[in-house]
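Colleague: Got a structure here, written out as structure tokens. Questions coming.
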Amino acid sequence: MERSLELQNTVKEALNALYHHPDDAFRMQADRWLQDFQRTIDAWQVADNLLHDATSNLETLIFCSQTLRSKVQRDIEELPSEAVRGLQDSLNILLKKFHKGPPKVRTQISIAVAALAVHVPAEDWRGGGIVSWLRDEMNSHPEYVPGFLELLTVLPEEVFNYKIAARPERRRQFEKELTAQMEVALNILTACLQINELKEQVLEAFASWLRLKHKIPGPVLASHPLMLTALSSLHSEILSEASVNVISELIHYSAAGSSGGAAVNMPLIQVIVPQIMSLKAQLSDSSKDEEDVKAIARLFADMGDSYVELIANGSEESMLIVRALLDVASHPEYDIASMTFNFWHSLQVILTKRDSYISFGNEASAEAERNRRLQVFCPAYESIVSLVSSRVQYPQEYQDLSLEDLKEFKHSRYAVADVLIDAASVLGGDATLKILYMKLVEGVACCGNEHSNWRLAEAALFCIRAISNYVSVMEAEVMPQVMVLLPRLPQQPQLLQTVCLTIGAYSKWLDAASSDPSILASVLGILTSGMGTSEDSAAAAALAFKHICDDCRKKLCGYLDGLYNVYRTAVNGEGSMKVSAEDSLHLVEALSMVITELPQDDAKKALEMLCLPVVSPLQDIINQGPEILQKKHARDLTVHIDRFAYIFRYVNHPEAVADAIQRLWPIFKAIFDVRAWDMRTMESVCRACKYAVRTSKRFMGITIGAMLEEIQALYQQHQQPCFLYLSSEVIKIFGSDPSCASYLHNLIEALFKRTVCLLTSIEEFTSRPDVADDCFLLASRCIRYCPQLFIPSSIFPSLVDCAMIGITVQHREASNSILTFLSDIFDLSKSIKREEFISMRDIVIIPRGARITKILIASLTGALPSSRLETVTYALLSLTRAYRVQALEWAKESVSMIPLTAVAEVERSRFLQAMSDAASGADVNALMVPVEELSDVCRRNRTVQEIVQGALNPRELNTVTVS
């Protein structure tokens, strides 16, 4: 008792410090103490006492109600059963005590009671379940009805609250209990309608119960007093938010498959739709409050989204709804208009996909129906194009927009672009283009000589760019005129940026349609101009340049000198060019793709020219000697080396690239030798080498040997992860080549031996996750491309031991690579049919099988985050499929270590049955539910998780000596 009083005073003092102490350090210390206190078993009694204490202030009441709520949700198993009954009674008293507030406290107490109902079976609520108990309490204590109503509102919400540490079986049972008592709940709410001031609260509770999607027959709901009250409230002077929520839920409910879908709920739909349609005039009523208009628009949007399949038949009634949704889309407020965007997308999908017409029998009938529907809806989509295209204009004072507002504006433009794509899917790109072209002509006329009137033209071009993939490459009516207009537009930076992006978007059209070479010359001129106007227009121009060189590469072979001048000027940063180092990579890629089209000899010369502006600055640095090279900032080197990577990647002439890398090798070697300590430079060099290997393949000849010797020697000293991923690329290409066998064998032995000496504990994995990640990616590559070198090697068992130590590393990529490596070993018989490899694998895995299984089960049950569940499950099921009965024994052994207080017998059995089904070859997806349930049960709260991890102790291997 004394200890409890002491703790109560400490809690009050800590809260006082948290909210009122002037010193930040004191406040943080108080916050930490309070968080730690909430996890203790004493928190139950202290929070309860302070909530019953009449002298507790608001801060104390809020903290204690939150504490009690989270304890009930997460830590109920800390209490003996008699204490749970006491808690039930105490919460009931508190519910009555705070029935008039404070609201925050009452809500937390209500959630706590609802969470308790998830844990405690129906018979413990006086035998009839929580809802019947609530009805009896409300009848006995009518004065507390408002407080009890809040509890009735939160109850259905707790079915889907996974913060509650309930076992899956109990959660399902609770949902059944609530749905069985749906009628009782609705009767309570109907009775409460008599109290006028509770109407809003009653409707909120009704909306909450509708979210359970339990099958209440449509005709019953259609005439239900709660539904009729919600509908009548829609027409009251002050629109009730609760009634909008109810109607919105009824719309979702009537279309949900779980409640029988629209066909079954037609009586309900026939009541709802006319009532909502009668609100249409209010959408354009300027005297209406904006929030009310928003709420009405939301109902129309919900109706469109939920009934889209009914609307898609194109009946007269459907078109009334479509016209109403066009009214919403025409609202001047973007937030309101955009509520319909999802509907236009869903409708487009139904109208255009073939599956929608299967029920029409033969191909001819289906096609006739498709054409009929498209014809019916074309006018609506034409209207939508006109309505939304005006919403992408830059605001008048766009320079003054905050970063947040600018981000929101860009987001709204992308949303409009998606709607235009939907329209183009229905109308066809060419027809949509015609509508948008009229807007462009209007915009160009506005421009005149005044630069300030560029916004309309820019908006039209943004829209034209958005639909580029839907416009035919043979379109000959509008696009030539668009291209003629572009050079006439003012060189305003935002407008020029969009002009450049539009040119890039129509690169395929330019290739197919421009028999007139002057068009290509004209657009290249615009792009060059874009590169010198602003950083944004330069970025857009460089990207467009890449697209044009990709799609028009054959045509551009004759323009190589001009293209090269643009490239050299931009890469060297000469003149007025504003192309950033990152964007210059687009130009490197662009020229590389054109060079790919040249004959072999011409390509070699062109490749030399392409490399020249990249080689010169690097050679200058190297010529100044190792000391200067050592001290250079990484960026001074990587900006050039990254360009090599792009050249080697995109010049698809293996011999020419092999020739180039051989000539350039002295430069690469100098950088390797002097900068091996520097991760950023090494990543850049390895990336360039990787693409050289990937493109040149077997033409690389002696250079590959020099490269491998270099990284093998440097890895011993510097352990750069990128040396491992470069080796992965080499293994992929040369792994099966017998002439490289001894070379590669030495390479993988050397790299893996060094790595397993580094990764001897989970702490090492945590501090070097990139090394772990690339090591096990390389190991997986070895299994796939050179098992004959890898599996018989002396390093294979050591690597398996190393993997076992690192499975539970928290770094996502490292953990995934390790798990994938193990899965590849277990799946070996799928990819390799040679018996001697399978038996070599078994000699390594079988003695370790029990420990591997234990670590994997520990990972499932809490040692790794639940987001890794799928990868861990796959590894465990691969192990089970490979070792069948043995693996089941290992799994049984591990699961039996978990105490029954944490995992019940039924949950163990269900999991082991899933393992047994896996051994028999069942589909992985069918086994996920029992595995996920075991995972949920073991993670349901901190205490259980600690018990499970303590029993399985996956990290006992951290001290294992790697063999």
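The values are calculated or read from the model by the stated rules, or taken from the named source; none is laboratory data. These numbers were taken from a predicted model, which means no experiment stands behind them. We place every Cβ from the backbone using ideal geometry, glycine too, and count neighbours over all the protein chains shown. Keep in mind that these areas ignore ligands, DNA and RNA; they rest on the heavy atoms of the full protein, side chains included. Shrake-Rupley method; radii C 1.70, N 1.55, O 1.52, S 1.80 Å.
Colleague: Could you please tell me which pairs satisfy a Cβ distance under 6 Å, a separation of 6+ or placement on different chains, a first residue in region 115-144 that is closer than 18 Å to Pro156 by Cα, and a second residue that is open to solvent by 60 Å² or more (accessible area, probe 1.4 Å) and not in a helix (DSSP H, G or I)?
Modeller: Trp133/Arg126
Colleague: For region 282-290, indicate whether the set of residues that are closer than 24 Å to Ala205 by Cβ and either open to solvent by 10 Å² or more (accessible area, probe 1.4 Å) or β-branched (Val, Ile, Thr) (or both) is non-empty. Give the derivation first.
Modeller: So the first thing to find is which residues in region 282-290 are closer than 24 Å to Ala205 by Cβ, and the list is none.
Among the residues of region 282-290, not one is closer than 24 Å to Ala205 by Cβ and either open to solvent by 10 Å² or more (accessible area, probe 1.4 Å) or β-branched (Val, Ile, Thr) (or both), which makes the answer no.
Colleague: Taking only region 237-273 into account, find how many residues are part of a loop (DSSP other than H, G, I, E, B) and either acidic (Asp, Glu) or farther than 20 Å from Ala205 by Cα (or both).
Modeller: So in region 237-273, the residues part of a loop (DSSP other than H, G, I, E, B) come out as 237-240, 256, 260, 265.
Filter once more, so that each one left must be either acidic (Asp, Glu) or farther than 20 Å from Ala205 by Cα (or both): 237, 260, 265.
Matching residues across region 237-273 total 3.
Colleague: What residue, of Ile130, Ile195, Ile164, Ile188, is among the hydrophobic types (A, V, I, L, M, F, W, C) and surrounded by fewer than 20 Cβ atoms within 10 Å (Cβ to Cβ)? Step through it out loud before you land on a result.
Modeller: Values: Ile130 fails: surrounded by fewer than 20 Cβ atoms within 10 Å (Cβ to Cβ); Ile164 fails: surrounded by fewer than 20 Cβ atoms within 10 Å (Cβ to Cβ); Ile188 fails: surrounded by fewer than 20 Cβ atoms within 10 Å (Cβ to Cβ).
Selected residue: Ile195, the only one of Ile130, Ile195, Ile164, Ile188 that is among the hydrophobic types (A, V, I, L, M, F, W, C) and surrounded by fewer than 20 Cβ atoms within 10 Å (Cβ to Cβ).
Colleague: Could you say which residue among Ile846, Ile852, Ile857 is in a helix (DSSP H, G or I), surrounded by fewer than 17 Cβ atoms within 10 Å (Cβ to Cβ), out of contact with any Leu (no Cβ under 6 Å at 6 or more places or on another chain) and at pLDDT 95 or above?
Modeller: On the way: Ile852 fails: surrounded by fewer than 17 Cβ atoms within 10 Å (Cβ to Cβ); Ile857 fails: surrounded by fewer than 17 Cβ atoms within 10 Å (Cβ to Cβ).
Within the list Ile846, Ile852, Ile857, the selection yields Ile846.
Colleague: Let me ask another. Counting only residues that are surrounded by fewer than 17 Cβ atoms within 10 Å (Cβ to Cβ) and in contact with a helix residue (DSSP H, G or I) (Cβ under 9 Å, 6 or more places away or on another chain), which one in region 381-404 is modelled with the lowest pLDDT?
Modeller: Going through region 381-404, the residues surrounded by fewer than 17 Cβ atoms within 10 Å (Cβ to Cβ) turn out to be 386, 390, 395-404.
Checking the rest, the ones that are also in contact with a helix residue (DSSP H, G or I) (Cβ under 9 Å, 6 or more places away or on another chain) come to 386, 390, 395-396, 398, 401.
Values: Ser386: 95, Ser390: 89, Pro395: 89, Gln396: 84, Tyr398: 81, Leu401: 85.
That would be Tyr398.
Colleague: Looking for something among the β-branched types (Val, Ile, Thr) and either loosely packed, with under 13 Cβ neighbours inside 10 Å or farther than 24 Å from Lys163 by Cα (or both) - is there at least one such residue anywhere in region 58-78? So that I can check it myself, show each step before the final result.
Modeller: The initial filter retains those residues of region 58-78 that are among the β-branched types (Val, Ile, Thr), namely 60, 62, 67, 72, 76.
So of that shortlist, the ones also either loosely packed, with under 13 Cβ neighbours inside 10 Å or farther than 24 Å from Lys163 by Cα (or both) come out as none.
Looking through region 58-78, none of the residues is among the β-branched types (Val, Ile, Thr) and either loosely packed, with under 13 Cβ neighbours inside 10 Å or farther than 24 Å from Lys163 by Cα (or both).
Colleague: Go through region 491-525 and count every residue that is crowded, with 18+ Cβ neighbours inside 10 Å and not in a helix (DSSP H, G or I).
Modeller: Counting residues in region 491-525 that are crowded, with 18+ Cβ neighbours inside 10 Å and not in a helix (DSSP H, G or I) gives 3.
Colleague: Looking only at region 337-364, which residues are open to solvent by 50 Å² or more (accessible area, probe 1.4 Å), modelled with pLDDT under 95 and in a helix (DSSP H, G or I)?
Modeller: Arg354, Asp355, Ile358, Ser359, Phe360, Glu363, Ala364
Colleague: Something else: Just for region 750-773: of the residues that are in a helix (DSSP H, G or I), open to solvent by 20 Å² or more (accessible area, probe 1.4 Å) and in contact with a helix residue (DSSP H, G or I) (Cβ under 7 Å, 6 or more places away or on another chain), which one is farthest from Met804 (Cα to Cα)? Break it down stepwise before answering.
Modeller: Step one: of region 750-773, the residues in a helix (DSSP H, G or I) are 750-758, 762-767, 769-773.
With the extra rule that they be open to solvent by 20 Å² or more (accessible area, probe 1.4 Å), the set shrinks to 750, 753-754, 757, 763-764, 766-767, 769-770, 773.
Remaining after also requiring in contact with a helix residue (DSSP H, G or I) (Cβ under 7 Å, 6 or more places away or on another chain): 750, 753-754, 764, 769-770, 773.
Working: Ala750: 21, Lys753: 16, Arg754: 17, Glu764: 13, Pro769: 15, Asp770: 17, Asp773: 14 Å.
Checked region 750-773; the qualifying residue farthest from Met804 (Cα to Cα) is Ala750.
Colleague: Let me ask something additional. So which residues in region 97-110 are surrounded by 16 or more Cβ atoms within 10 Å (Cβ to Cβ) and part of a helix (DSSP H, G or I)? Before you say what the answer is, go through the steps one by one.
Modeller: Quick first cut of region 97-110, residues surrounded by 16 or more Cβ atoms within 10 Å (Cβ to Cβ) only: 97-99, 105-110.
Within region 97-110, Lys97, Val105, Arg106, Thr107, Gln108, Ile109, Ser110 qualify.
Colleague: Out of all the residues in region 235-247, is one or more of a type in the set (Ser, Thr, Tyr), touching a residue at least 24 places away in the same chain (Cβ under 8 Å) and farther than 30 Å from Ser909 by Cβ?
Modeller: First, the residues of region 235-247 that are of a type in the set (Ser, Thr, Tyr): 236, 240, 243.
Next, only the ones that are touching a residue at least 24 places away in the same chain (Cβ under 8 Å) stay: 240, 243.
This time we only want the ones that are farther than 30 Å from Ser909 by Cβ, so: 240, 243.
So far as region 235-247 goes, yes, one or more of its residues are of a type in the set (Ser, Thr, Tyr), touching a residue at least 24 places away in the same chain (Cβ under 8 Å) and farther than 30 Å from Ser909 by Cβ.
Colleague: Filter region 639-695 for residues that are hydroxyl-bearing (Ser, Thr, Tyr) and open to solvent by less than 10 Å² (accessible area, probe 1.4 Å) and give the result. Step through it out loud before you land on a result.
Modeller: Taking region 639-695 and keeping what is hydroxyl-bearing (Ser, Thr, Tyr), we get 646, 650, 681, 684, 691, 695.
Listed by number, the residues that qualify are Thr681, Ser684.
Colleague: Condition first: touching a Leu at 6+ places or on another chain (Cβ under 8 Å) and open to solvent by 10 Å² or more (accessible area, probe 1.4 Å). Now tell me which residues in region 133-161 satisfy that.
Modeller: Within region 133-161, the subset touching a Leu at 6+ places or on another chain (Cβ under 8 Å) is 134, 144-149, 151-152, 155-156, 159.
Listed by number, the residues that qualify are Tyr144, Val145, Pro146.
Colleague: Just to confirm my filter: which helices (runs of 4 or more DSSP H) fall fully inside region 622-726 and include at least 3 residues that are touching a Phe, Trp or Tyr at 6+ places or on another chain (Cβ under 7 Å) and either of a type in the set (Ser, Thr, Tyr) or closer than 30 Å to Pro599 by Cα (or both)? First the steps, then the outcome.
Modeller: Values: elements: 626-631, 634-650, 654-675, 679-696, 702-718.
Passing ranges, in order: 634-650, 654-675, 679-696, 702-718.
Colleague: Please determine, by comparing only the residues of region 1-37 that are under 39 Å from the mean Cα position of the chain (by Cα) and open to solvent by less than 50 Å² (accessible area, probe 1.4 Å), which one is farthest from Ala83 (Cα to Cα). Let's see the steps before the verdict.
Modeller: Keep residues of region 1-37 that are under 39 Å from the mean Cα position of the chain (by Cα), which gives 15, 18-19, 24-37.
In the following step, the residues that additionally are open to solvent by less than 50 Å² (accessible area, probe 1.4 Å) were identified as 15, 18, 30, 34, 37.
Working: Leu15: 27, Leu18: 31, Ala30: 29, Leu34: 23, Phe37: 20 Å.
Here the answer is Leu18.
Colleague: Next question. When you check Asp774 against the structure, is it acidic (Asp, Glu), more than 19 Å from Leu864 (Cα to Cα) and out of contact with any Pro (no Cβ under 9 Å at 6 or more places or on another chain), yes or no? Step through it out loud before you land on a result.
Modeller: On the way: acidic (Asp, Glu): yes; more than 19 Å from Leu864 (Cα to Cα): yes; out of contact with any Pro (no Cβ under 9 Å at 6 or more places or on another chain): no.
Spelling it out, it is not the case that Asp774 is acidic (Asp, Glu), more than 19 Å from Leu864 (Cα to Cα) and out of contact with any Pro (no Cβ under 9 Å at 6 or more places or on another chain).
Colleague: Still on this model: When you look at Ser896, is it in contact (Cβ under 8 Å) with a residue 12 or more places away in the chain and either under 32 Å from the mean Cα position of the chain (by Cα) or crowded, with 18+ Cβ neighbours inside 10 Å (or both), yes or no? Walk me through it before giving the result.
Modeller: Details: in contact (Cβ under 8 Å) with a residue 12 or more places away in the chain: yes; either under 32 Å from the mean Cα position of the chain (by Cα) or crowded, with 18+ Cβ neighbours inside 10 Å (or both): no.
Against the criterion (in contact (Cβ under 8 Å) with a residue 12 or more places away in the chain and either under 32 Å from the mean Cα position of the chain (by Cα) or crowded, with 18+ Cβ neighbours inside 10 Å (or both)), Ser896 does not qualify.
Colleague: Please go through region 786-800 and give me each residue that is in contact with a Ser or Thr (Cβ under 6 Å, 6 or more places away or on another chain) and either over 13 Å from Ile825 (Cα atoms) or not in a helix (DSSP H, G or I) (or both), ordered by number. Full working, then the answer.
Modeller: Initial filter on region 786-800 (in contact with a Ser or Thr (Cβ under 6 Å, 6 or more places away or on another chain)): 797-798.
Result: Ser798, single match.
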